[in-house]
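The values are calculated or read from the model by the stated rules, or taken from the named source; none is laboratory data. Everything numeric here is computed off the predicted structure, so don't read it as measured data. For neighbour counting, all protein chains shown are included, and Cβ atoms are generated from backbone atoms with ideal geometry for every residue, glycine included.
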Amino acid sequence: MDNSNITKERFSQMVDKSSPNSNIFTNCCKAFAIGGLICVFAQAIIQWLLRMGVEKDIASTLSSVSLIFLASLLTGIGVFDNLAKFGGAGAIVPITGFANAVAAPAVEFKKEGFIFGVGAKMFVIAGPVIVYGLATSWVIGIIYWLFNRIGG
Amino acid sequence: MSKKHGNQTVFFQQPVSIIAAASIVGPKEGQGPIGKYFDRVVEDVLWDCKSWEQAESKFVSDAIKLAIQKSGLLDTEIDCILAGDLLNQIIGTSFGVRDLNRPFIGMFGACSTFGLAMGVGSMLVDGGFYNNVIASASSHFCAAEKQFRFPLEFGSQRPPSSTWTVTGNGAAVLSNKTGGKGICVTAYTAGKVVDMGITDINNMGAAMAPSAADTLITHFKDTGRNPDYYDLIITGDLGYIGHELVLKITQEQGYHISSNYTDCGIKIFDRETQDTHSGGSGCACSAVTFAGYLYNQMQNSAIGKLLLLPTGALLSTTSAQQGESIPGICHAVAIENIS
């Protein structure tokens, strides 16, 4: 700009100095607490199902499904975003975060109709996770196959 | 003969009177430190509409109607509406003025739109083209989040440098009917696009601060005025970080504004109790702060000379995703109470 001889580099340093950082320690503690509670809750469901005589594999699946249902429900009634604001990665990294990432755009873009809104926008956040998740498992699969060939 | 002074400033031959101002805001703004100055606080941001976008249009139409009503003019006496907002193709505004049946000139300056509309509106009035013009700008937190960030219910943490988009609309009626007396726009400095390479979309205050400092310094150079000429210098929506950066840049250039400079984004929310991080933002931030709080302060003579500098970040989701930096713009409007 004409009125000042501040360079972009110096301005960037000024911005860094003026901008507060997130409190990483506090955020980590909150994430540990919320994430831990979610996992304890999921484990409690599994234990309860096991005591009801459900097989272990099916009990784990039902536990995941329950978490997905609850996170979607909490998203729909406008509670999950507050939980995630407090718990950060603790709420987002478990399967609850994935459910929220699908349910939130579905709710938001309902106004644009079921095709161009819900249908098209539902995976706008979760889509990249699915794409690169699949691509990564594919690459790992090939590596696993190669190692088995060499080893076997 | 040109009314231009210096590089970017125009002085009005007959100062353009702001005969009325109206503001309608959402509940969060109503609970803020200047909440009592707004004409109307709507309790629900959806305001009985089907979408956030429709609600924004309702803020637009109702605030403009209220401004006309307060001015005592007939609808037919309004020669033109100059207004804009943040939504794609400024639909918040164009759908809002759809039923008002007055000529409409759409304005886009991102969050600097209110300054742009006030400046251009004053030029149209002082130029003798129109007698009465509306300058207006709106934004809506939910509609802006949906367009620029994430769906409202998506769980995410906002960084400390982020700002909170103001929900509401501020409108002012510019007129030549007082003959240059009362609360008047006396000068306008149109801003340049300034880009200092900031790419962080969660730090808009930093992206816009250089443009605000540039327009401010240009205004002083063009007008020959000093910072202490004004009772209050107030930028649009830089928030705490941008405010601090403007102070630093202007200080380096020898302009000492720390005693009479603040920002609408700092005024409108209480960051301790309202969780708004770096402050308020959006087109409505400067529009409602002026139409509500500042206009009232000028009427009460608590402020005699005001320099209002609405600031805008000229990015789109496409430019941000393509890794472009964020250009800023700032328009300065000098408003003085002339007896």
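Descriptive notes on the structure:
- Summed over segment B:48-68, the residues that are in contact (Cβ under 8 Å) with a residue 12 or more places away in the chain and more than 14 Å from chain A (Cβ to nearest Cβ) give a count of 11.
- Residues in segment B:1-27 that are outside any strand (DSSP E or B) and more than 18 Å from the chain's Cα centre (by Cα): B:Met1, B:Ser2, B:Lys3, B:Gly6, B:Asn7, B:Gln8, B:Pro27.
- Within segment A:17-58, the set of residues being within 28 Å of B:Phe220 (Cα to Cα) and among the charged types (D, E, K, R) comprises A:Lys17 only.
- Residue within segment B:214-222 that is over 17 Å from B:Asn7 (Cα atoms) and either at pLDDT 95 or above or among the charged types (D, E, K, R) (or both) present: no
- Sole exception among (1) touching a residue at least 40 places away in the same chain (Cβ under 8 Å); (2) within 19 Å of the chain's Cα centre (by Cα); (3) at negative phi for B:Ala117, by number: (1)
- Of residues in segment B:73-85 being over 20 Å from B:Val45 (Cα atoms) and buried (at least 24 other Cβ atoms within 10 Å of the Cβ), the one farthest from the chain's Cα centre (by Cα): B:Ile81
- Some residue of segment A:79-94 being more than 14 Å from every other protein chain (Cβ to nearest Cβ), over 22 Å from B:Pro159 (Cβ atoms) and free of Cβ contacts under 8 Å to residues at least 40 places away in the same chain: no
- Verdict on B:Lys70 being basic (Lys, Arg), over 18 Å from the mean Cα position of the chain (by Cα) and not assigned by TED's automatic domain parsing to the domain that holds B:Gly119: no
- Per-region count, segment A:6-59, residues under 21 Å from the mean Cα position of the chain (by Cα), free of Cβ contacts under 8 Å to residues at least 12 places away in the same chain and within 11 Å of another protein chain (Cβ to nearest Cβ): 2
- Here segment B:253-280 is the region considered, the condition is being farther than 19 Å from B:His140 by Cβ and part of a helix (DSSP H, G or I), and the residue that is farthest from the other protein chains (Cβ to nearest Cβ) is B:Lys267.
- Taking helices (runs of 4 or more DSSP H) as the structural unit, those lying wholly within segment B:86-198 and holding at least 1 residues that are buried (at least 22 other Cβ atoms within 10 Å of the Cβ) and within 14 Å of another protein chain (Cβ to nearest Cβ) correspond to B:141-148.
- Condition check for A:Val124: over 21 Å from A:Ala31 (Cα atoms) and touching a Lys or Arg at 6+ places or on another chain (Cβ under 7 Å): no
- The set of residues in segment B:208-221 that are over 17 Å from the mean Cα position of the chain (by Cα) and more than 9 Å from chain A (Cβ to nearest Cβ) comprises B:His219, B:Phe220.
- Residues of segment B:222-243 satisfying the condition of being within 14 Å of chain A (Cβ to nearest Cβ) and assigned to a loop (DSSP other than H, G, I, E, B): B:Leu238
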